[in-house]
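Presented below is the structure to which this report refers.
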């Protein structure tokens, strides 16, 4: 019996290499804390394995392409308020 196309897609998605938060931070040139906040707020595609965040390289690439001309709130530079 052949698995359905949907099941095949899901299996392939799950077999893609997973990246750690440190690997994603290095790849995106962001701090570990910034990547953590993005993942926790759902602004970057991520999932938890146990208590650790994991990312698929393909989803990070898609997210990067989609967001390359915009800055997310968590990544925008902080501005100082005038007193």
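Observations, loosely collected:
- Exposure proxy order (Cβ contacts within 10 Å, fewest to most) of 18, 7: 7, 18
- Residues residue 7 and residue 52, FRET efficiency given R0 of 25 Å [Cβ-Cβ distance, rounded to 0.05]: 0.40
Every number here is computed from the coordinates shown, using simple stated rules; none is lab data. The model shown is predicted, which means the values in this text are computed figures rather than measured ones. Methodologically, a virtual Cβ is constructed for each residue, glycine included, from the backbone with ideal geometry; neighbour enumeration extends over all protein chains shown.
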